[in-house]
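Visitor: To start, I am sharing the structure in question, which I have written as structure tokens.
The values are calculated or read from the model by the stated rules, or taken from the named source; none is laboratory data. Computed from a predicted structure; not experimentally measured. Positions of Cβ are generated from backbone atoms using ideal geometry, with glycine treated the same way; all protein chains shown enter the neighbour counts.
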């Protein structure tokens, strides 16, 4: 597994964790769902960036 794929996987897992945690804490903290969805969305965008970067690197090495 390349370094970029590891970053993509961890960002994806953390993004899902932030969204789930925000939804779980909606009765405890007023803005928890908003913070969770925004943070999760940012982490999913970061995961997409690293996944595309990893895919481009693997394509360059095979051709």
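Visitor: Testing residue 40 on (1) at pLDDT 95 or above; (2) loosely packed, with under 13 Cβ neighbours inside 10 Å; (3) within 15 Å of the chain's Cα centre (by Cα), one condition comes back false. Which one is that?
Guide: (2)
Visitor: In this structure, does residue 59 turn out to be surrounded by fewer than 16 Cβ atoms within 10 Å (Cβ to Cβ), modelled with pLDDT under 95, out of contact with any helix residue (DSSP H, G or I) (no Cβ under 8 Å at 6 or more places or on another chain) and not in a helix (DSSP H, G or I)? It would help to see each step written out before you state the result.
Guide: Numbers: surrounded by fewer than 16 Cβ atoms within 10 Å (Cβ to Cβ): yes; modelled with pLDDT under 95: yes; out of contact with any helix residue (DSSP H, G or I) (no Cβ under 8 Å at 6 or more places or on another chain): yes; not in a helix (DSSP H, G or I): no.
No; evaluated as a whole, the condition is false for this residue.
Visitor: Further question: Please enumerate the residues belonging to the range 43-56 that are modelled with pLDDT of 95 or more and exposed (fewer than 13 other Cβ atoms within 10 Å of the Cβ).
Guide: 45
Visitor: Here is a follow-up. Give me the pairs, please: first residue somewhere in the range 42-63 and closer than 14 Å to residue 5 by Cα, second residue anywhere and not in a helix (DSSP H, G or I), beta-carbon distance under 6 Å, and either six or more positions apart or on two chains.
Guide: 54/2
Visitor: Out of all the residues in the range 1-13, which are surrounded by fewer than 16 Cβ atoms within 10 Å (Cβ to Cβ) and assigned to a helix (DSSP H, G or I)?
Guide: The initial filter retains those residues of the range 1-13 that are surrounded by fewer than 16 Cβ atoms within 10 Å (Cβ to Cβ), namely 1-3, 6, 9-10, 13.
Across the range 1-13, the qualifying residues are 3, 6, 9, 10, 13.
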